[in-house]
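Taking it in order: structure first as structure tokens, then the write-up.
The values are calculated or read from the model by the stated rules, or taken from the named source; none is laboratory data. All values reported here derive from a predicted model rather than from experimental measurement. Here Cβ is always computed from backbone atoms with ideal geometry, including for glycine, and neighbour counts include all displayed protein chains. The protein model used for the area step is the full one, side chains on, heavy atoms only, and it has no ligands, DNA or RNA in it. Shrake-Rupley method; radii C 1.70, N 1.55, O 1.52, S 1.80 Å.
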Amino acid sequence: MAANEKKPYLGEGSVAILWNLIKAKIPTKTSDLTNDEGFLKEHQDISGKLDKTGDGKDVTVTFTAAQSRGNIVNGEKMSTIMGKIAKFFGDMKTVAFTGEYGDLSNKPTIPTDNAELQNGAGYQTATEVNSIIAQKGYQTSAQVESAITAKGYQTESQVNATITGKGYQTSAQVQTAINNALQGITGIDFQVVDSMPATGVKGTIYLLSNGGAGGNSYDEYIYLSDAGKFEKIGTTEIDLTPYLKTEDLVEMTEDEIRAIIV
């Protein structure tokens, strides 16, 4: 620096001048500023905007399916959530939507014959069961029937056939024969015989001595023309035990009569 050279400095007057110059450069309106942040310059219509708790049924979202499946996380963007959901649906197989067994892959082979199953419970075949039953001495119905037949026992139908073959008749058949024998009879004739004749006459009761005494000396028979034989219908015995005899009666006294009236 040369001798006696003066250096400039801000004095009181120069500071005032500098301040006035600086104030002149300071913007007094926002329009004087550069809006590099994009602040709104005028009122915006937000009537179509969705409130935080509003109905978002018409909201659209653009998304890309996620690369891998993952659970949704609280606070994630809608596009991220929809991308995860799309991944799950995209990985689902056809059967998830049809529910058809035929749409399954890697289906197991289902046995169609019990021979293909393991008999873990120890079930037995019919042959094995029959063998055990035979060992215990049990018999089938055919074997029981054969044993009964071998001992001479007969069924009801066989017994009936045997009885019918010997000429025995049921009570209904006997009653029918008696009714037929008595049909058309207008009078009864009694005939005492020492022995029964080969045939009889309709309307005749045959009295055959039975060796009895008193009121029971004869057996009574009629001839059944349809059956071609005699049928015993009773005896001449008359049971008078329920009846009183004259000697069993005694006249009531006056006192007994008065007792009844009083």
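Tabulated data for the structure shown
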| quantity | calculated |
| --- | --- |
| Residues (surrounded by fewer than 13 Cβ atoms within 10 Å (Cβ to Cβ) and modelled with pLDDT under 80) located in the range 189-215 | Gly211, Ala213, Gly214, Gly215 |
| Filter pass, Asp103 being on the phi < 0 side of the Ramachandran plot, within 36 Å of the chain's Cα centre (by Cα) and of a type in the set (D, E, K, R) | yes |
| Positions within the range 64-79 being open to solvent by less than 100 Å² (accessible area, probe 1.4 Å), farther than 14 Å from Phe89 by Cα and not β-branched (Val, Ile, Thr), in sequence order | Gly75, Glu76, Ser79 |
| Out of Gln154, Gln143, Gln139, sole residue that is at pLDDT below 85, more than 30 Å from Ala227 (Cβ to Cβ), surrounded by 11 or more Cβ atoms within 10 Å (Cβ to Cβ) and touching a helix residue (DSSP H, G or I) at 6+ places or on another chain (Cβ under 8 Å) | Gln139 |
| Residue list for the range 229-252, restricted to those being of a type in the set (Asp, Glu), under 16 Å from Ser209 (Cβ atoms) and at pLDDT 75 or above | none |
